[in-house]
Number of protein chains: 2
Amino acid sequence: MITGKNYIGEKLTATGTKTYKTFNPKENKETEWTFHEATADEIDTAVSLASEAFQEYKNFSGAKKASFLNAIADEIEALGDELIHAYMAESGLPEGRARGERGRTMGQLRAFATLLEEGSWVEATIDTAQPDREPLPKPDIRKMLFPIGPVVVFGASNFPLAFSTAGGDTASALAAGCPVIVKSHPMHAATGELVASAIIKAAQKTNMPNGVFSNVNSSGIEVGQQLVKHPKVKAVGFTGSIKGGTALYKLANERTEPIPVYAEMGSINPVVILPSALEEKGSFWAKQYAGSITVGAGQFCTNPGLLLAVKSNALDSFIAELGNEIAQIEPTAMLHPNICKAYQNGIETAAAQSNTNVVASFDNEASPNFGKQKVLTVTGSEFLKNPVLHQEVFGPYSIVVQCENDSELQQILEALEGQLTGTVLGNSDELVSKSVIIEALKERVGRLILNSVPTGVEVCPSMHHGGPFPATTNGKYTSVGVSAITRWVRPVAYQNWPLELLPEALKNDNPLQIMRLVDSEYSKKSI
Amino acid sequence: MITGKNYIGEKLTATGTKTYKTFNPKENKETEWTFHEATADEIDTAVSLASEAFQEYKNFSGAKKASFLNAIADEIEALGDELIHAYMAESGLPEGRARGERGRTMGQLRAFATLLEEGSWVEATIDTAQPDREPLPKPDIRKMLFPIGPVVVFGASNFPLAFSTAGGDTASALAAGCPVIVKSHPMHAATGELVASAIIKAAQKTNMPNGVFSNVNSSGIEVGQQLVKHPKVKAVGFTGSIKGGTALYKLANERTEPIPVYAEMGSINPVVILPSALEEKGSFWAKQYAGSITVGAGQFCTNPGLLLAVKSNALDSFIAELGNEIAQIEPTAMLHPNICKAYQNGIETAAAQSNTNVVASFDNEASPNFGKQKVLTVTGSEFLKNPVLHQEVFGPYSIVVQCENDSELQQILEALEGQLTGTVLGNSDELVSKSVIIEALKERVGRLILNSVPTGVEVCPSMHHGGPFPATTNGKYTSVGVSAITRWVRPVAYQNWPLELLPEALKNDNPLQIMRLVDSEYSKKSI
């Protein structure tokens, strides 16, 4: 049941008077629920509980934390269709997507549980003593990763489950040993409360300390600001716009004790189409990209917003075919009227830039809040000199840049801001002959994709979902895949510590049977 | 030969008119050399050369970069006594220290060479394709760490060799594949130029691209500011004061593209003395700490500036013995008259705080620029309410805090800012019975030391020389030991890439024979 209240630890509270509602974009009307924004006191209580819970939670074994994460997945599944219906009502996204994203969310939680059960993620590094070393004896030193403390998570508008309440940021922080306070996304507060209830149930069933998780409602920016400024908060996870992410980043850096903000923000995900791809598979790629640009109303961080190629007849044909394919696609609902309005403003601004031409534009009537796709084209020189065209337009939009030659294409790549992904369409021979272009692309992105579309992000250890600024605030870290856990930890070294008092991961007999670096050798053996 | 010029790549230049000299603090007079501060043009050329060199250098094999690092060590050794004399003249430090620090510097360079030759540091992570997976095939994804681009290094005043021109920051950045521009420390510009000449020689002998290293002179803050703001600079390494480090951190965050500043700054390195240590080994520890507080005129980042214990007769005896020991030590020259002045101001400020008492104070005549040791004592409640006493006084100073009880001691630890190290003196039983205190200490530090002194930082994989802010700007990273290399890299994932075009570390047959995570299993095997 959706109450509209905040979870301050395991307690449902609504002491504030500021309320708000969520919106069904497909039906173009408010949902049935009313939410109470968290008060300053409620926020402070949530953080204090998290800080207290941390004292206990940080020392739990991997197995115990894994049981919590698996229980969360179970409880999310147990929410059944109530969750699916809330998700669909608050996002306008179809049922298949809702069920798929729920599966992915549960899969992520279980993947972190598996990581904890295996245990090697703590990067145990041991150098044994050399008491006879000259001129000075060498001490015994052993380090591993430890959780840093309470983490605040800002959920994403476009992934009400997989990047929100129990999404990758929350799962990775809980896995690391950090309590989490979620700032509920105002567009899907009901979905958020249901998932929060599942986390609280799981915490109770697996005997986690009260405060290990809280969920606070917010309609504006104040709740988030208070959380980021709170001295007991030690890190922030964020998925959203460049404007929102950089504002939090700035706020966090202005604190007496600055804290890291891991923000995944904007990306236009350049796609370089090499001649072979246009000549040999132009129609195929036109169809594939028409789909990739419009899937989910283009509301993906990996949406291909920029297609780059050198002028040719084959490129002309590709553009024509892409236009035909795009025009045939039926628009779908965007997440919220505000997102749809921002999208319409974005495409109008882009189309109003000088010397842009329309490749495809869906101009028929559509239901309110539906995102009508648009694709533009422009020359390389025009694109280079107009930074407005480099900006992300969140929605089913892309721009095809027709470059004069390889050198102009390379120049454009070097002028781009950091990106989550870069895609190349072409054959192996071209990857070699155009290696300078590939290298320029690699320097701007976190993931290089060959002969595919950038939409669809695999959850696995090798995934890197994080590119140079402003794709993220810190391109060294990923928000997808189990490596995301490293954002919430720091190393501590023990010197000369009694072996029996060391954490399990650092003990001589390696009771956890994890991979360690012992005297510069990788090994699972005991010492 | 010392020319006083800048190394802009391999070229010695001095186009600027601003000059300055270094100072011999022991002899209390200027040295013989005159240095030309780098001009804006010279700085820009150095960064542009670094950016060009990066295109080639980033793709060099581990073996090739290792040969460069080993050659640097050889060339530093080949500088012979000219380097030792310049070091002593510009630092006032004794010959044994000069030779020891030179050995450590060479050892660090060779340790990074060994790391590169082994090769597993790139964290190769591979998930092989599952073309038959339902509902969607799983692509092949492979990620590893890649260098980020030109790095600027600010050397430390207190380690003219090991934390300066060819110190840990430079060695780790070059090892990672990043060209380095060193902002020469104004207090030891001759030492810096000699080491720079060794790096340039090594680069030429091992066929490194011009621009892989530059050394620019500076007397004030402008050169450093221009470097940090330069768009082609991708990261900064710094060792020095909280004021200097946070100013650069702020500047770097204000850039259009923010870049990381890894600054190792202030630390007072709390030492918790438990009752057993006072009762059983009080005299021993008094002698040890008198040495640790005064060694190198107290000019170490791990100098024990804060001793904490609960009031007892044994503590009274310890304080008396510490005072006796400290009083007998002969002062030595500090690095520079300005450092000595700052130290004198620091101890005067500390001693002027209400309710502090002097434990030991060297008040006899001493040569100019010599640091006269001072130790104060204060009650726990006084220390808690006076943040001035929490500040680092760089030099042979410490304060003994006499706590009312364990709970006050714990409160003090929780009120401390982040620290590089925390030391505990006591026996194993006490570590168990006082676990709450140990845990509070662990949360504030990067390294926990038992029954030793914090001065002396081992260079090895398990070392963590990096604590929570303001000990460093990012407590996740170390500036000592081979893990320091991870500051200058970021992961890039390749999706669906042709196996033959992948970097060696990601190829199926594992030609580098490195440890990799393949389909979630650690292995050195080929796929």
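Modelling each spin label as a point 7 Å along the Cα-to-Cβ direction, I'd like the B:Asp44/B:Thr349 distance in nm, to one decimal.
Taking the two extended label points, one gets 3.9 nm.
5 Å is the cut-off here: which amide hydrogens, built 1.01 Å from N in the peptide plane, fall below it relative to B:Arg516, excluding neighbours closer than 5 in sequence?
Result for B:Arg516 returns B:Ser523, B:Lys524.
Let me confirm one metric for peptide A:446-454, namely the mean number of other chain beta-carbon atoms within 10 Å of its residues' beta-carbons.
5
In whole angstrom, note down how far apart the Cα centers of the range A:38-112 and the range B:360-385 are.
54 Å
Determine, for each peptide in A:214-226, A:182-194, the mean count of other beta carbons within 10 angstrom over its residues, then list the peptides with the highest first. Each step should come with its number before you reach the end.
Numbers: A:214-226: 21.3, A:182-194: 26.7.
Per-residue Cβ counts within 10 Å, averaged per peptide and sorted highest first, yield A:182-194, A:214-226.
Using 0.36 nm per residue of separation minus the Cα-Cα distance, give me the extension gain between B:Lys29 and B:Ser361 in nm, one decimal. Write out the running numbers ahead of the final one.
Details: separation 332, 0.36 × 332 = 119.52 nm, distance 2.68 nm.
Gain on stretching B:Lys29 to B:Ser361: 116.8 nm.
Bin by bin, in steps of 5 Å, what percent of the Cα pairs in the range A:1-159 do you find, going until the bin that has the longest distance?
Bin by bin from 0 Å, the calculated values are 2, 7, 10, 13, 15, 15, 12, 8, 5, 3, 3, 2, 2, 2, 1, 0.
7 Å along Cα→Cβ for the label point: how many nanometres lie between B:Glu504 and each equivalent label in the other copies, listed shortest first?
Nearest first, the other copies' label points are 3.9 nm away.
How large is log10 of I(q)/I(0) for chain A at q = 0.06, 0.08 Å⁻¹ when the intensity is taken from the Debye formula with one equal scatterer per alpha-carbon?
-0.32, -0.55
Given 20 °C and 1.002 mPa s, compute D for the protein assembly as shown with the Stokes-Einstein relation, Rh being the Kirkwood radius over Cα pairs; round to the nearest whole µm²/s. Don't skip to the answer; put the middle values down first.
Details: Rh = 30.3 Å.
Taking Rh from Cα pairs, D becomes 71 µm²/s.
Taking each residue of A:500-509 in turn, how many C-beta atoms of other protein chains fall within 10 Å of its C-beta, and what is the average? Numbers along the way, then the final one.
On the way: counts 3, 6, 0, 0, 0, 0, 1, 0, 0, 0.
If you average over the peptide's residues, the count of other-chain Cβ atoms is 1.
Using the number of other C-beta atoms within 10 angstrom as an exposure proxy, rank B:Leu278, A:Leu79, A:Leu322 with the fewest first.
Values: B:Leu278 23, A:Leu79 17, A:Leu322 26.
Listed from fewest to most nearby Cβ atoms, that is A:Leu79, B:Leu278, A:Leu322.
How far is B:Asn357 from the same spot in each other copy, in nm, shortest first, if each label point sits 7 Å from Cα toward Cβ?
Copy-to-copy label distances at B:Asn357, shortest first: 9.0 nm.
How much net charge surrounds B:Ser267 when only the other residues with a Cβ under 12 Å from the Cβ of B:Ser267 are counted, with Lys and Arg +1 and Asp and Glu -1?
Neighbour charge sum, excluding B:Ser267 itself: -1.
Can you bin the range B:34-109 into rounded, prolate or oblate? Criterion: square roots of the alpha carbon gyration tensor eigenvalues sorted a ≥ b ≥ c, rounded for a/c under 1.5, prolate for a/b above b/c, oblate for the rest. Walk me through the intermediate numbers first.
Working: a/c = 3.41, a/b = 1.32, b/c = 2.59.
Cα axes put the range B:34-109 in the oblate bin.
Sort shortest first the distances from B:Thr19 to its counterpart in every other copy, using label points 7 Å along the Cα-to-beta-carbon line, and give them in nm.
Nearest to farthest, the other copies are at 8.0 nm.
Hey, any idea what Rg/Rh is for the range A:276-324, computing Rh the Kirkwood way over Cα pairs? Before the final figure, lay out the partial values.
Details: Rg = 11.2 Å, Rh = 11.3 Å.
With Rg and the Kirkwood Rh in hand, the quotient comes to 0.99.
Percent of Cα-Cα pairs more than 15 Å apart in the range B:438-481, please. Intermediate values should be presented prior to the final figure.
Values: 423 of 946 pairs.
Percent of Cα pairs beyond 15 Å in the range B:438-481: 45.
Let me check I've understood the local charge: for B:Pro396, count other residues with C-beta under 14 angstrom from its C-beta, Lys and Arg +1, Asp and Glu -1. What total comes out? Could you put the intermediate results ahead of the total?
Working: positive: B:Lys372, B:Lys374; negative: B:Glu325, B:Glu330, B:Asp363, B:Glu392.
Net of charged neighbours comes to -2.
Which chain B residue hugs the B-A rotation axis most tightly by its Cβ, and what is that distance in angstrom, to the nearest whole number?
B:Asn253, 3
When the scattering of the range B:24-70 is computed by the Debye formula from its Cα atoms alone, each counted once and equally, what is log10 I(q)/I(0) at q = 0.18, 0.25 Å⁻¹?
Values, matching the q order: -0.75, -0.90.
Between the range B:386-440 and the range A:150-169, what is the separation of their alpha carbon centroids in Å?
The range B:386-440 and the range A:150-169 have Cα centres separated by 38 Å.
For the range A:276-403, go through all pairs of different Cα atoms, get the mean of 1/r, take its inverse, and jot down that Kirkwood value in Å.
After inverting the pairwise mean of 1/r, the radius is 14.6 Å.
Could you give the alpha-carbon Rg of the range B:333-386 over 2.2 N^0.38 Å, rounded to two decimals?
Values: Rg = 12.7 Å, N = 54, 2.2 N^0.38 = 10.0 Å.
Here the Cα radius of gyration is 1.27 times the empirical estimate.
What whole-number distance in Å separates the alpha-carbon centres of the range A:217-252 and the range A:274-342?
Between the Cα centre of the range A:217-252 and that of the range A:274-342, the gap is 34 Å.
First select every other residue whose beta carbon is under 14 angstrom from the beta carbon of A:Gln130; then total the charges, Lys and Arg +1, Asp and Glu -1.
-4
I'd like the mean, over residues of B:256-265, of how many other protein chain beta carbons sit within 10 Å of each residue's own Cβ.
Mean partner-chain Cβ count within 10 Å for B:256-265: 2.
Computed over the Cα atoms of the range B:162-269, what is the ratio Rg over Rh, Rh following Kirkwood?
Answer for the range B:162-269: 0.96.
Each value in this text was obtained by applying a stated rule to the coordinates, not by laboratory testing. Source: prediction; values computed, not measured. Every residue, glycine among them, receives a Cβ derived from its backbone with ideal geometry; neighbour counts consider all protein chains shown.
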